[in-house]
1. Which one of L5, L20, L33 is surrounded by 14 or more Cβ atoms within 10 Å (Cβ to Cβ) and without any contact (Cβ under 8 Å) to a residue 40 or more places away in the chain?
2. Give just the number: which of (1) at pLDDT 70 or above; (2) assigned to a loop (DSSP other than H, G, I, E, B); (3) of a type in the set (A, V, I, L, M, F, W, C) does L79 not satisfy?
3. Scan the stretch 1-21 for residues that are within 25 Å of the chain's Cα centre (by Cα) and either among the β-branched types (V, I, T) or not in a helix (DSSP H, G or I) (or both) and report the count.
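The values are calculated or read from the model by the stated rules, or taken from the named source; none is laboratory data. Since the model is a prediction, treat every value here as computed from it, not as a measurement. So basically every Cβ, Gly included, is an ideal-geometry build from the backbone, and we count neighbours across all protein chains shown.
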Amino acid sequence: MHAWLEVSRSGFYEWRGRTLSISARRRDNLKLLIVKSFEDSDGTYGYRRVHADLAAWSVACGPELVREACQPRPWRHSLTENDGQAGPVPRPGQP
């Protein structure tokens, strides 16, 4: 892996063994509160209302930090629907 990343072996293992930074730990803790607020609203709150909940809970953070955590994955249209009856896709050379 270190050769692929073009870093020294010792540098790679030193980086891999590091503890999370303070800001990464804060984001992880904040993520738990964001999920709680979102689930309490039955999945209807956007980042502005989630931010308002956090402010009411005396959690110091900006709306853009909440917005990053609340961004949904892009919706992708599917041309087919799975009815549960489809089998595995055959591969070349398999019966």
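1. Details: L5 fails: surrounded by 14 or more Cβ atoms within 10 Å (Cβ to Cβ); L20 fails: surrounded by 14 or more Cβ atoms within 10 Å (Cβ to Cβ).
Exactly one residue qualifies, and that residue is L33.
2. (1)
3. Counting residues in the stretch 1-21 that are within 25 Å of the chain's Cα centre (by Cα) and either among the β-branched types (V, I, T) or not in a helix (DSSP H, G or I) (or both) gives 6.
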